[in-house]
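All remarks here apply to the structure that follows.
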Amino acid sequence: MSEQRNTHPKSLPEGSVSTRPHKEGGTSTRPFPPRGLGDGGGDRVVLKVDNLRIHYATPQGDVIAVSDISFNLYEGETLGLVGESGCGKSTTAYGILQLVQPPGYIVHGSIQVDGTEVLNLEEEELRKFRWTGLSLIPQGAMNSLNPTMRVKDQIIDVIESHEGKQKDKDALRERIFELFQNVGLPNRIYNMYPHELSGGMKQRVCIAMGVALHPTVVIADEATSALDVVVQRIVAQTLVKVKDEIGVSLIVIGHDMGLLAQIVDRIAVMYAGKMVEIAPVENVYANPLHPYTQLLIDSIPSIKERKPLKITEGITHDPRNPPSGCIFRLRCPFAWEHCAEVEPPPIYVEDLHEVACHLYDEQFEERRTNAHALIANS
Amino acid sequence: MPTPLLQIRDATKVYSSGGFLGKKKTVVALDNFNLTIDESPATITTIAGESGSGKTTLANLVLGFIKLTSGHIIFDGEDITDMSDEQLKVYRRNVQAVFQDPFGVYNPFYRIDHVFDLVNKHFSLSDNQSEYRDMVETGLNVVGLYGEDVLRKYPHQLSGGQRQRIMMARAYMIKPRLIVADEPVSMVDASLRASILDAMLRLRDDHNISFLYITHDLSTAYQIGDQIYMLYQGTTAERGTAIDVIDAPQHPYVQLLIDSVPVPDPTDKWDVNISLPSEEEMRTAASVGCRYYPRCPHRMDKCLEEQPPLFKMDKPKHEAACYLYEENEIAPIEPPVLVNRPITEAAAPSRARRWRGAAALAVAVIAAFALGFAIAFNQQPQEVIKEVAVVVTATPEPEVATPVAATAVERALETAPEAAVEMPDFVLSPDGAKDKGELALNVVTLDEIADGADKHSYRFTGSAGQAVTVKIRTGGSGLSGGNLNSPYGAIYGPDGAFVAALGDTAVRPRRSYNAPLTLKAGAYTIIVGAAEVDRYGLVGDAPYQVEIEGEEPAVPEPTPLPTAVAQDFVLAPEGATDKGELALNVVTLDEIADGADKHSYRFTGSAGQAVTVKIRTGGSGLSGGNLNSPYGTIYGPDGAFVAALGDTAVRPRRSYNAQLSLKSGTYTIIVGAAEVDRYGLVGDAPYQVEIEGEEPAPEPTALPAPAFDPTPLPQPEFILSPAGAKDKGLLVIDVVIESEIADAEDKHSYRFEATAGQNVSIKIRTGGSGLSGGNLNSPYGTIYGPDGAFVAPLGDTAVRPRRSYNASLTLKSGVYTIIVGSAQVDRYGLVGDAPYQLSVQSMGA
Ligand SMILES: Nc1ncnc2c1ncn2[C@@H]1O[C@H](COP(=O)(O)OP(=O)(O)O)[C@@H](O)[C@H]1O
Ligand code: SF4
Ligand code: SF4
Ligand SMILES: [Mg+2]
């Protein structure tokens, strides 16, 4: 699949900062601790998304919701996916799980989980694969719990639909209690209905369902938005704890940069369907490279210091008609003619850090220096 | 000392639920709360706390949507419960609101300028067009917007930040002194919040407008807030300047809260080891003593004895309600500054006062019940009211009961100044009502906007003995909760005598009222008003709908609505794309349309045929907050307006029905749909139309059954053989078969007749709603030609399920057969059968 990519980092234009080393089987160290117990470290790619493109058909033309994005998720890793609403985060998640609903459709791409091409799975395999290979805690999941079913029945449903009818009811209950324990829920909710639970508890039931069959990859879409800070913290920490205990790899979708800083290892920044930067979390906060990432970091509200407000509007172009060249150029303070003519390819800047912006192309070093000077002065 | 702008003293709000049949539950949402906002300079006062801590209750109290159980809200030195009508009007202008959902406020079918036109109409800002335009432009400029960029746009074309700022501009034009902003940024992306906060700062600094800023987001409070009140279960845990409190929180709860705000610095991570209280503990309130006791890491025995008062901290005006600071001085509650008369009982409300409040409420509820019975039994309601009034005066503490009743009377007076003496206060007199014409039976009026000052009068003609139910309801959908629109009305008989009341506004607003009546012959009159106590702050009038439900006494003759009513929310047939003829009881597949791109359907009615025309959104609603809304208009054989589908004047709804009794001839339905996803997505939306009813004369053309033997084909497993398929009859080109249920064992077979060279597109798709997200129903099928030979597959189930498949074919002449199956591959793993939809669409020759 990767051959069809015209912007693959392996085929960078000349003069870019450096070339990307082979990840697979590579020996580079990663900025988060490997989870494996003596399995040689967590450098294994568990999810490989390649050149994924998803459209929503509308009478005025297709909305380009996800535009040729590629990334890897490593074993034991927590990857954050950020960007303003409408940038395609949820659609990416649905795409990975093959859950895109009409008028949406996958135009092309490849999604491999542990080497299995998800797009080639047969219906029955795909059904098995959800929850066991890949699971999604959808946006607003807590509101999608079936109000007429007890918590236990919903979890049992997930288990039995994949493992068949469980004869040993006691063992099944113990298994659910263990899940409760993982997500910090009291056993007494076993027989309760969703409406009897608080928002944070419902959200944790969804997490419990998501990890019930020990999937390789769990995707949590805005799992803590709409919760109070204390509850949000409990739920976020639950996610991280469960990830470590059960040994899954996690994609956390959100727009709260503060929260992501707390729980993720790497961050992928999306803008209008494009992935514009992907980097270890420390780099993103200490040294954001893409002008859009810089804007996101700048606009994080702080409770430590009062700063002048940085005013910005949302995505300004029609998603059916993206601008030529760089997707961000209509809002970019550094855009120049070249940005309108050529789409910036992802440029490899250092281990695990890529950015899609011409400023990081060697031949425009002068512009980059000026741009950075401008930021430093403001 | 100058009179403060807003003083809240000992404010207590108790909600009770159940009680009639179930067990009564009471929730103390606000408990002896005190707050002062100075008159000048303008400030932003933040009310922060977790959900359920009483923030929104406080906002609704200040906005006058709900009433205090005890205590005082004093604006400009005047207790709002003691205000005269004039003063209340001024108060409503002075206190404006901006709410959380920047979308629910807007009618998706109107351009932005409509918001301002409504304000102008309601508050009579200016008669002069150019002066008014200037006012709008100035208002927009204040919040950093320009008219040319936004006024002609539809709400969905703006970002959440822009929509919220337009609400601020709207509020600004009314020149209020206080804006109550309830979570105005919480639904807007963090990176877009700054523009809203900036607008608030400009209004505060350049226009002296104060804010009651309600939020659970402490960082924005820190950035722009002056004072902050941290609420915990209805009480103030801590207060002071936003900077003092957030920099150095003193109360154990506030410390946990601030420690839980994620720091945007990956090198400064949460101490994962601190043990967080279990969430259920967080919700349990202590009934005596400190409300934080069950969760508090520093709790002491003393904390259980009595609720801690606010103690003074080191910084001026910084106070915390915690016994850890017992050594400190107790912060005094400043006595309220009143302009006219002093409040007799100030400060500390006693238990007795709370009890009296409850008694007053009970009396009010009794009154409501009594009235309900009165109407049901066709008694003269005023007698009941008199009795209730006696009960009221007989309560031990009538002075507390009075404010509740008095306000209602005030409201009724304000709205019906010339009410007949014998009538209860809330009965609207016919005097001064604007005539809105004749009402047809079983036709719901479109949303009309009215209030007491602007009453509407409808006429309808009854036949002797005819049984009808007169229904009145608010036009709001109430999607976001908190909506307190209330319609009310009165019915007068042919002789002009009072017949029945619609409403019990003497007590509290309700969303709908019914009056079942047995009519005499003659013309009845319904007088309608509606009070808007909408949480979006457009205090004043409200949309309502009226309907007379009942049996037609004679031949139905749908009355065309007066064209004055049929304004822009009625879709004109002009410019609509013709989508062909609709068959009875067949749902169209999802079609996509918007206001600019209307569709037109035709169907043929027989005289006297009863049908229900249904229109609904086809949207998947995957993300929860989907607000797709269809809308439409039905025209009769003579081209006259028959009925509206939708109340687009107000808010989007997922479906609309219209019950019609047809004349013979061709009807036309014009349909549009808008996608008003709360995330501000695209403009158009999918919809479905259906005409439900009895066939007048069922005579489907019977074609000869296909005479062919299935060709033995090398069949991949996703090719369905015709063998064993259940015959479902003849398919009409361009008509959709909706939601049949099938699986591989239970195949269906359809036939259709083709002409040589005809181009068709055969579509098959799952009929599943997909509401819960992971639904993966998949249809599949196979097409056979007139000779019985395999023509094309529909589906690649050998590969993976998909929601729909198409095949485009150029046909030979003869009868084609489509074999259809469908598999349910629901994400919860309930494999089995699934609904499907099938259509053969003509693409010309
Ligand atoms: N059902 C739909 N029809 C048309 N466009 C859609 C639909 N759902 C989402 N989109 C578009 O796809 C893009 C990405 O949306 P989404 O994945 O929901 O973003 P996010 O999760 O980042 O908020 C947006 O431009 C949105 O307008
Ligand atoms: S490529 Fe150009 S327009 Fe795009 S982000 Fe970089 S500098 Fe800005
Ligand atoms: S009063 Fe007691 S229980 Fe309440 S917060 Fe202070 S120390 Fe904790
Ligand atoms: Mg999303």
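The values are calculated or read from the model by the stated rules, or taken from the named source; none is laboratory data. This structure is a prediction, so every number in the text was calculated from the model and none was measured. In this analysis, Cβ positions are derived from the backbone assuming ideal geometry, glycine residues included, and neighbour counts consider all displayed protein chains.
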Quiz item: Within the range A:282-297, can you find the residues that are under 23 Å from residue A:93 (Cβ atoms) and either of a type in the set (S, T, N, Q) or within 13 Å of the chain's Cα centre (by Cα) (or both)?
Solution: A:293
Quiz item: Going by the structure shown, is residue A:214 at pLDDT below 85 and either away from ligand 1 (no atom under 16 Å from the Cβ) or under 25 Å from the mean Cα position of the chain (by Cα) (or both)?
Solution: no
Quiz item: Looking at the range A:152-182, which of the residues that are of a type in the set (Lys, Arg) and assigned to a helix (DSSP H, G or I) is nearest to residue A:142 (Cα to Cα)?
Solution: A:152
Quiz item: Restricting attention to the range A:187-208, does a residue exist that is free of Cβ contacts under 8 Å to residues at least 12 places away in the same chain and over 30 Å from residue B:187 (Cα atoms)?
Solution: yes
Exercise. Name the one entry in A:352, A:359 that is of a type in the set (A, V, I, L, M, F, W, C), within 23 Å of residue A:84 (Cβ to Cβ), crowded, with 17+ Cβ neighbours inside 10 Å and more than 16 Å from ligand 1 (Cβ to nearest atom).
Key: A:359
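Each row is one residue, and each column tells you yes or no for (1) at pLDDT below 85; (2) within 15 Å of ligand 3 (Cβ to nearest atom).
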position: B:257; (1), (2): no, yes
position: B:267; (1), (2): no, no
position: B:272; (1), (2): yes, no
position: B:276; (1), (2): yes, no
position: B:300; (1), (2): no, yes
position: B:304; (1), (2): no, yes
position: B:311; (1), (2): no, yes
position: B:314; (1), (2): no, no
Quiz item: Could you count how many residues in the range B:27-73 are charged (D, E, K, R) and more than 26 Å from the chain's Cα centre (by Cα)?
Solution: 3
Quiz item: In the range A:80-136, what count of residues is obtained for those that are touching a His at 6+ places or on another chain (Cβ under 8 Å) and of a type in the set (S, T, N, Q)?
Solution: 2
Quiz item: Within the set of pairs 6+ apart or on separate chains, which have a first residue in the range A:153-173 that is away from chain B (no Cβ under 14 Å) and within 18 Å of residue A:189 (Cβ to Cβ), a second that is of a type in the set (A, V, I, L, M, F, W, C) and not in a loop (DSSP other than H, G, I, E, B), and C-beta atoms under 8 Å apart?
Solution: A:172/A:156; A:172/A:159
Quiz item: Do you know which residues across the range A:105-147 are outside any strand (DSSP E or B), more than 10 Å from chain B (Cβ to nearest Cβ) and free of Cβ contacts under 8 Å to residues at least 12 places away in the same chain?
Solution: A:115
Practice problem: Working only within the range A:72-97, note down all residues that are over 9 Å from the mean Cα position of the chain (by Cα), within 9 Å of ligand 4 (Cβ to nearest atom) and at the interface with another protein chain (Cβ under 9 Å from one of its Cβ atoms). | Solution: A:85, A:86
Exercise. Tell me which residues, restricted to the range A:217-264, are over 19 Å from residue A:93 (Cβ atoms) and away from chain B (no Cβ under 12 Å).
Key: A:245, A:246, A:247
Self-check item: residue A:296 under 30 Å from residue B:258 (Cα atoms), hydrophobic (A, V, I, L, M, F, W, C), surrounded by 18 or more Cβ atoms within 10 Å (Cβ to Cβ) and touching a residue at least 40 places away in the same chain (Cβ under 8 Å)
Solution: yes
Quiz item: Which ones in the range A:42-70 are at pLDDT below 90, more than 20 Å from residue A:103 (Cα to Cα) and small (Gly, Ala, Ser)?
Solution: A:42
Quiz prompt | Meets criteria (out of contact with any strand residue (DSSP E or B) (no Cβ under 8 Å at 6 or more places or on another chain), within 21 Å of residue A:224 (Cβ to Cβ) and among the hydrophobic types (A, V, I, L, M, F, W, C)) for residue B:243 | solution = no
Quiz item: So which residues in the range A:314-349 are surrounded by fewer than 18 Cβ atoms within 10 Å (Cβ to Cβ) and either facing chain B (nearest Cβ under 8 Å) or among the polar types (S, T, N, Q) (or both), if there are any at all?
Solution: A:316, A:321, A:324
Quiz item: Does the range B:204-219 hold any residues that are within 14 Å of chain A (Cβ to nearest Cβ) and part of a helix (DSSP H, G or I), and which are they?
Solution: B:204, B:205, B:218, B:219
Quiz item: Given the conditions (1) more than 29 Å from residue A:79 (Cβ to Cβ); (2) under 29 Å from the mean Cα position of the chain (by Cα); (3) hydrophobic (A, V, I, L, M, F, W, C), and given that residue A:227 satisfies all but one, which numbered condition is not satisfied?
Solution: (1)
Quiz item: Of these, A:205, A:240, A:252, A:248, which one is within 27 Å of residue A:128 (Cα to Cα) and within 16 Å of ligand 4 (Cβ to nearest atom)?
Solution: A:252
